[in-house]
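The values are calculated or read from the model by the stated rules, or taken from the named source; none is laboratory data. Just so it is clear, the model here is predicted, and its values are computed rather than measured. Here Cβ is always computed from backbone atoms with ideal geometry, including for glycine, and neighbour counts include all displayed protein chains. Just so you know, the surface numbers come from the protein's heavy atoms only, side chains and all, with ligands and any DNA or RNA stripped out. Shrake-Rupley method; radii C 1.70, N 1.55, O 1.52, S 1.80 Å.
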Amino acid sequence: MRDGRVRTLAGLFLAAIGALTLLAGTLLLWASDDLFDRDRFVGHAVTGLESPQVHEALAARLTDQLIAAEPDLVVARPVIEWTVSGLVGSDQFRVTFGRAVGVAHDELFTVSGVPVRVELREVGTQLAAIADQVGAELPAEVDDLGAVLATYDLRRTESRLLRAAERTRALGAALPPIGVILIVAGVVVAVDRRRAIGLAGACLGAGALLGLAALAVVRWRIEASISDPLLAAAVGDLVDPFARGARRALIVPAAAAMVTLAALADRQPLAVLGDLVTSARERAAALPSGRAVDLVRVAALAAIGLALVAQPGPVTRVLVTAIGALALFEATASLMRLVAGPRPAPDAVPRPPSTRRSAADRSATVRIRAATSGAGWGRFALGGVVVLAAVGFAAVDRSVAQPPSPVVACNGHPQLCDRPFDDVVLLGTHNAGATVADGFIAPYQELSVADQLDAGARALLLDVFYGTPSDRLGGTVVTDLSPDASGADRLFTCHGRCEIGARPFAHTLADIAEFLDANPAEVVVLFVEDYVRPDDVATALTDAGLLDRVYDHSPGSDWPTLREMILADTRVIVLAENDGGEPSWYHAGFDLVMDTPFRFPTVESLDTDDACAENRGPDEADLFLLNHWVQPDGPVLPSLGERANESARIIARSERCEALRGARPTIIAIDFLGRGDPLAAVDALNGVGPPAS
């Protein structure tokens, strides 16, 4: 008897501890990904900028800061608020905000004894420009002008808990399997396996439900520390992306626990559904009758029917979810019968021989046995499912796009992540669209655009024309240079004339979009030699799903790092040779870029000082394009590309031009990528690969 009691207690203890260990490991895995990792933390916060309340609060704080610096600006407050609101929605501000949140993350986990502040100190230049638009002059210390979105003073206990959790993040991967092993051990050891399984499920479910309640308390605690209601709501919206991840981490084990407990009731799912339908019909029959009541019932049924017909999508999702839940229910119930055997009938349960207990003791025992019986677990599971359904609906219904995963390498190398964009050397392809793969006559590249990207090209120099496919010429595209030509569907990548080769611009953009989808840590430049209208290029980018990814650079401002561009998912920089400037993301290429000459008759002419002479763009331009290809009197040959693309030649020319021009080339554009070893040269110039011999 004593042996059985020890086994029972040991089994229950192991099952309970295993469930709690599993839950703790799940939460640590969430925290490790979403909270402790700096890049993902910043990504969640930048995602929160999509909230209208966050947008409004930030614009209000920045406007107040601007007027505080120059009180006379109050007369133009509506104009300033409108202009500042545009600033808050810009890509540049997303980068600035991401930097500020990164500093706050460092304070949260590495600096003790200081308040955690989301402080926007890099917006002074933008605010000064806004003041200039309305004819005002800010004080000389404008560079220090910024806004503190929020300050949160961590209590000593909270600070210690966060740092202790961060130090134990490695346990996140170990605790879940340990928890599962403990639960299995508890079930094996226990005399009553059903009871052990039920206790594990109850602990797992109760812990998860308590965790969900704790999330609400944490949000309340943060919002309560901020006196401004609008700002408090905005900070709450910024917290939401983190809370959604935690809710999902808790809902999964809680749902598993509820299914397990429901299965312990040993009821067939169809029987449960039948009971529910019978109960609903009995309640409906018990409702009062009468003409008015019947009319209300008819109206309600008609409204439900119309809603189901008008919105079949949600109904389908609910039905599929219900079928899946029933399948899980049945599978778990069958597993329970295999592991623990069928639930014994009440008469078959042995009773202890002693009858000396008091009535109160017997009553307590009855309550405990009832609570841990199949029916008791079923009632507990039903209540938990109701709570989970409400929380899960809120988590899914209010979800927004998830931030990117933690950034490990940028454009292929970890060392490039924290460099500003204008301090990174990119490999470019000249006439990237004129390819052998696409059937061009006199091509400049052998590889398709998709293959060029895969081979390491990160700057594509593309000629874009209007064209019309001709039935008379077997589908050959005829170039249209007329001044009234238009239409995004008539854009083609060509070179010189579309008659010698053309590919729909939409197909090229689709290749770029597919590459960016598959490679979320890559930044790409499109340098367009444009013979088309900017609005048609914008339409083409929109149709390809790229417009939301373009980076809009403010002239004179610092460039973001690759990491910041990746986290903000503004990974496409568009430059235009001829008609850039409007819209603002369609940058005037040779305002931001200076370049070298581009007509070299021989490979050897690339090795001279004249090859570094000034050509287009201002001397103080942020970016430097090294035109590194040979253009002889005859056809452009791959063998010339082979020699021109030797890594030693590229490195030597780059260093020579840097010495002569006072700036390091940032885009090295070549013909015939795949010949020579240009990528090794670019890696060497970036300091991430061995220099070529």
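Observations, loosely collected:
- Other residues whose C-beta falls under 14 angstrom from the C-beta of ASP39 contribute a net charge of -3, scoring Lys and Arg +1 and Asp and Glu -1.
- Under the simplified labelling scheme, the VAL188-ASN615 pair shows an inter-label distance of 7.3 nm, with each label point 7 Å from Cα along Cα→Cβ.
- Electrostatic dipole magnitude of region 574-643 [Cβ: Lys, Arg +1; Asp, Glu -1; Cα centre; debye, to 20]: 300 debye
- A simple spin-label model places the labels of ASP471 and ARG643 4.9 nm from each other, with each point 7 Å out along Cα-to-Cβ.
- Cut-off 15 Å between beta-carbons: net charge of the residues surrounding ALA255, Lys and Arg +1, Asp and Glu -1: +2
- Taking other residues whose beta carbon is less than 14 angstrom from the beta carbon of ALA200, and scoring Lys, Arg as +1 and Asp, Glu as -1, yields +2.
- Listed residue (VAL603, LEU637, PHE624) projecting farthest to the positive dipole end of region 595-693, Cβ model: LEU637
- Per residue, region 540-599 exposes 36 Å² of accessible surface when a 1.4 Å probe is rolled over the protein heavy atoms with every protein chain present.
- Estimated dipole of region 20-61 in Debye, rounded to 20 [Cβ of Lys and Arg +1, of Asp and Glu -1, Cα centre]: 120 debye
- Carbon/sulfur fraction of accessible area - region 1-55, other protein chains in place, 1.4 Å, %: 64 percent
- For the peptides 606-613, 215-222, 570-577, the ranking by packing is 570-577, 606-613, 215-222, with the highest mean count of neighbouring Cβ atoms within 10 Å listed first.
- Cβ charges +1 (Lys, Arg) and -1 (Asp, Glu), total dipole of region 515-634, debye: 320 debye
- Dimensions of region 602-689 based on its C-alpha atoms, expressed as ranges along the principal axes with the largest first, amount to 35, 32, 18 Å.
- Calculated FRET efficiency for the pair ASP591/GLU655, C-beta based, R₀ 30 Å, to 0.05: 0.70
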